[in-house]
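Below is one structure; the comments refer to it alone.
Taken together, the values in this text are just the output of simple stated rules run on the coordinates, not laboratory data. Values in this document were obtained by computation on a predicted structure and should not be read as measured data. Cβ: placed from backbone, ideal geometry, glycine included. Neighbour counts: every protein chain shown.
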Amino acid sequence: MNQTKSRHKIAQMFDQIAVEYDRTNRYLSLGQDFRWRKSLKKYLPQKESLVVVDLACGTGNQIAAIDQPNIKFYGIDISKEMLKIAKKKLGDNDRIELMIGSALQIPLDDEVADAVTISFGIRNVSDPARCLMEILRVLKPGGRILILEFSIPQSNFVRFFSDFYVHKIVPWMGKKITKKQLPYTYLSDTIEEFYSGESFVQLMEDNGFIHTSQKTMNFGTVSLYIGEKPQHNR
Ligand SMILES: C[S@@+](CC[C@H](N)C(=O)[O-])C[C@H]1O[C@@H](n2cnc3c(N)ncnc32)[C@H](O)[C@@H]1O
């Protein structure tokens, strides 16, 4: 087990920044985060009614961005404090069930979901391959995976500026707003270390997804990874 990403430590870190999470996000993304999350909407399967599982749902921003009356949501996260804020934000709604649980052991039956979303979450799990296998398990055949995550831009010119932003501005601004340093150096480090672009698409394919693709946003610093569960599991 990757000790720096133990469930307990990560949950504790997000518990500590939960109250400031949304505000910090808005500042650090320069107001772009809602637009990135909203972009997932057009890739949801086109059906009369849908079941969508949002893993690492945090304060509920991904659900809020794509919510529509024909979707039943399950929002799952390991942080109690992040979920508390999600509950407040999303209100009392029979269509939205929020629960404590891990993306590595999703507390749902097999083949219940038309789509699984995970935004800025998979970077935090200790075993991304296992997480992908769990997602495959809960997806219906033909169901879709939509993963939003930071990525490393291809262009050296953009990379120069994004490295400066990620390694200097993010930790400084994060600390200024939350008075905590660790979560924001952790953010910078994990962006650098995590799979990006083709290597993540390959990981999805290695773990059983088909029709995979990557859509880049924000000059390649954010990517949406899309894939499907085969109709008949291979
Ligand atoms: C950067 S936040 C993203 C929250 C939300 N998806 C969003 O777009 O704002 C990462 C979230 O992942 C959650 N998380 C980390 N590891 C997890 C795991 N193994 N299972 C479920 N949630 C996890 C954290 O508690 C945190 O709420």
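List of remarks:
- nm² value of the averaged projected area, convex hull over the Cα atoms of the chain: 11.8 nm²
- In order along the range 44-57, the phi-based Karplus estimate (6.51 cos²θ - 1.76 cosθ + 1.60, θ = phi - 60°) of 3J(HN,Hα) comes to 5, x, 8, 9, 4, 9, 10, 10, 10, 9, 9, 7, 6, 5 Hz; Gly and Pro are listed as x.
- Simple point charges give the picture: +1 on the Cβ of Lys and Arg, -1 on the Cβ of Asp and Glu, and for the chain a dipole about the Cα centre of about 720 debye.
- Residues listed by number, the range 19-36, amide nitrogen under 16 Å from residue 182 label point at 7 Å toward C-beta: 19
- Taking only the Cα atoms of the range 132-234, the radius of gyration and Dmax are 16.3, 50 Å.
- Positive contributions from Lys and Arg (+1) and negative ones from Asp and Glu (-1), summed over other residues with Cβ under 12 Å from the Cβ of residue 45, come out at +3.
- Its alpha carbons considered, the range 154-213 gives a radius of gyration followed by a Dmax of 15.1, 43 Å.
- The charge dipole of the range 36-120, taken about its Cα centre with unit charges on the Cβ atoms of Lys, Arg (+1), Asp and Glu (-1) only, comes to about 500 debye.
- Using a Förster distance of 41 Å, the FRET efficiency for residue 49-residue 84 (Cβ separation, nearest 0.05): 0.90
- The ranking of 190, 117, 221 from fewest to most other beta carbons within 10 Å of each one's beta carbon is 190, 221, 117.
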